[in-house]
Amino acid sequence: MKKQLLVAGACVLSVAYAAGWSGQYKPLNATYLIYSGEPGERSEPSKNDRKIAIVVTGDPAKEIFDSLYPDAKGVTCTTEEGERLRRRGDVWCSYRPSNGYKCFMGFNLRTGQPHSGASC
């Protein structure tokens, strides 16, 4: 009986989870900056050096953050209690109780190569 209940519950949850994905694009809360140099030492973009840094906030950032588990251990950008960081490749996200979820990513607009888009 317990096994049947467990299987039924798993089926209901998987249907509910699958129903949440529509295959449609969603609105995105983001800001961007086009610059040259490195994320920590930005300057005016030039003809040969143009990068874009993108910062995603709100629910989209939380969804990205949740996809990048687990939290990075022993890494912080601030002294705020409760800060959490997650990173995969050149995409990294932070959660701070004071301002919620933020994700950072970027691209070199001359080569198309990804880069982190920000630094602590």
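The values are calculated or read from the model by the stated rules, or taken from the named source; none is laboratory data. Everything quoted here is computed from the prediction, not taken from an experiment. Don't worry about glycine lacking a Cβ; one is built from the backbone with ideal geometry, like all the others, and counts go over all protein chains shown.
For region 45-76, the candidate set comprises residues that are touching a Phe, Trp or Tyr at 6+ places or on another chain (Cβ under 7 Å) and more than 17 Å from Arg96 (Cβ to Cβ); within that set, the residue that is surrounded by the most Cβ atoms within 10 Å (Cβ to Cβ) is Lys51.
Out of curiosity, is Lys62 out of contact with any His (no Cβ under 7 Å at 6 or more places or on another chain), assigned to a loop (DSSP other than H, G, I, E, B) and modelled with pLDDT of 90 or more?
For Lys62, the condition - out of contact with any His (no Cβ under 7 Å at 6 or more places or on another chain), assigned to a loop (DSSP other than H, G, I, E, B) and modelled with pLDDT of 90 or more - is not met.
Residues of region 23-70 that are basic (Lys, Arg) and touching a helix residue (DSSP H, G or I) at 6+ places or on another chain (Cβ under 9 Å): Lys26 alone. Summed over region 77-118, residues that are at pLDDT below 95 and under 14 Å from Tyr35 (Cα atoms) total 4. When the test is whether a residue is surrounded by fewer than 14 Cβ atoms within 10 Å (Cβ to Cβ) and either more than 13 Å from the chain's Cα centre (by Cα) or on the phi > 0 side of the Ramachandran plot (or both), Gly40 passes it.
Inspect all residues belonging to region 36-59 and state whether any of them is acidic (Asp, Glu), in contact (Cβ under 8 Å) with a residue 12 or more places away in the chain and assigned to a strand (DSSP E or B).
Initial filter on region 36-59 (acidic (Asp, Glu)): 38, 41, 44, 49, 59.
After this cut, where a residue has to be in contact (Cβ under 8 Å) with a residue 12 or more places away in the chain as well, the list is 38, 49, 59.
Okay, now just the ones that are also assigned to a strand (DSSP E or B), so 38.
Within region 36-59, one or more residues are acidic (Asp, Glu), in contact (Cβ under 8 Å) with a residue 12 or more places away in the chain and assigned to a strand (DSSP E or B).
Taking first residues from region 96-119 that are more than 18 Å from Arg84 (Cβ to Cβ) and part of a loop (DSSP other than H, G, I, E, B) and partners that are at pLDDT 95 or above and among the charged types (D, E, K, R), the Cβ contacts under 6 Å between residues at least 6 apart in sequence or on separate chains come to Leu109/Arg50; Arg110/Arg50. Within region 94-112, the set of residues being among the hydrophobic types (A, V, I, L, M, F, W, C) and in contact with a helix residue (DSSP H, G or I) (Cβ under 7 Å, 6 or more places away or on another chain) comprises Cys103 only.
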